[in-house]
Every structure is written in structure tokens, then in C-alpha cells.
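Let me give you the structure first, and then I'll get to my questions.
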Amino acid sequence: MLARCYLRASTDEQDAARARDDLERFAAERGLPVASWYVENESGSKLARPELFRLLGDSKPGDVLLIEQVDRLSRLNETDWKRLRAELDSRSVRVVALDLPTSWTLAAPADEFTGRMFGAVNAMMLDVLAAVARKDYDDRRRRQAQGIAKAKAGGRYRGRPEDAERNAAIIKMLKAGQTWATIVMATGASRSTLARLVKRA
């Protein structure tokens, strides 16, 4: 059994690796070897996340997908969450989240009965927390839209300022022929940002 640690933040401005120390400590306390780290800046509301699916592709049956919170794995709508759950189940990957104590038993060997019992409890709790995470996402989006509409009506809305210095550096790296993977690692920018900037390069 190996841990594959997944770290995600929604925007380029956020530090996706912020929780690394907590995950390392959790794994060390349980003698759980960490096979690899998967870090990306992508929205949890999107199913298409390169690092998440690289993790799934690397995983062996019984491996642990270790996350800080369930919302780091999913803010997906119900349809996409079911697709992700099916992918996890088909690969026999165990989801262990620091904010879900019922999942912690899955980070240690157990007999068949105990494993199945806690697996069932954990699956139910994952569904609940994934639904809560999606509701939180929808609520924040609605409040944001209301705030923008109000600001526009008052002539105060100008949108989020662009990080011109970082984007200029990315364009320079693109022109120099650097790979997207290298640029993402060096700058923390998302692939969607690179796709937008490559049109300027």
C-alpha cells in the first residue's frame, strides 16, 4: 500500500502545496510510504484535471489517494462526481482525507470485514462531503455573480487584474520552446492560463 498525495488549489494565486507538511506528517505517523506528489492549480469543479488523472493512472489496487480535505478532490456536480467515484472504485483506490476521520482506517492494513465496513462508511461520508463542497461552490459563485452585477450597475466593476509580470515571463518561456510541464512547474500557472497566453506568444 502506497500513498499518492494530491494537492490542489483553484487559482494560480493560491499555493497548491500549502498542505504538504500536514500530509507528510499524517503518512509518517502511520508508516505509510509516499510514492509521489501530484500538485495542480485547477478548479475542483472540473473533472478534467491532468495531475489527478496522472495519479489515477499511476495507482495500483489498494493505493491511498491522500488529500487534506474532500473539497481538494471534488467540487464536482453530481454526474461528474459519480464518474470520478466509478474511476476510483474501478482502480480500487482508497480515498483518505485529513478532514474525514472515518477514512483514516483505510490508511492501514485491516481484515476483510473491517475493511469492507469502514469502506462502506467512508464511501457514504465521501458522497456527503462532496455534495457539501459542491453546494459551497455554487453558493460562492452565486454571491460572486450578485456582487459583480451590483458593481457593474454602479460602474465600479473592472475585473481581476492580470499578473502582467508573471504572464510576460510565461510568454518568454513559451517563445524559448519550454514545455508546458516545465512552465507550470516553474510558475505555478494553470494549463488554461498557458492556453490563453500561447495565443500572444
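The values are calculated or read from the model by the stated rules, or taken from the named source; none is laboratory data. Because the structure is a prediction, the values reported are computed rather than measured. Using ideal geometry, Cβ is built from the backbone for each residue, glycine included, and neighbour counts are taken over all protein chains shown.
Please verify whether segment 1-20 includes one or more residues that are under 12 Å from the mean Cα position of the chain (by Cα) and more than 22 Å from TYR137 (Cα to Cα).
yes
Every residue in segment 51-68 that is free of Cβ contacts under 8 Å to residues at least 40 places away in the same chain and either under 18 Å from GLU24 (Cβ atoms) or over 11 Å from the mean Cα position of the chain (by Cα) (or both), please.
ARG54, LEU56, GLY57, PRO61
Could you grab me the full set of residues in segment 71-87 that are part of a helix (DSSP H, G or I) and either under 15 Å from SER43 (Cβ atoms) or touching a His at 6+ places or on another chain (Cβ under 9 Å) (or both)? Don't jump to the end; show me each part of the working.
In the first step, residues of segment 71-87 are kept if they are part of a helix (DSSP H, G or I); the result is 71-73, 78-87.
Correct list: ASP71, ARG72, LEU73, ASP80, TRP81, LEU84.
Six or more apart or on different chains, Cβ atoms under 8 Å: show the pairs whose first residue is in segment 166-184 and aliphatic (A, V, I, L, M) and whose second is exposed (fewer than 13 other Cβ atoms within 10 Å of the Cβ) and at pLDDT below 85.
Listed by first residue and then by second, the contacts come to ILE171/ARG200; ILE171/ALA201; MET173/THR182; MET173/ALA186; LEU174/ALA201.
Take the conditions within 14 Å of CYS5 (Cα to Cα) and in contact with a strand residue (DSSP E or B) (Cβ under 8 Å, 6 or more places away or on another chain) and apply them to PRO50. Does it pass?
Criteria not met by PRO50.
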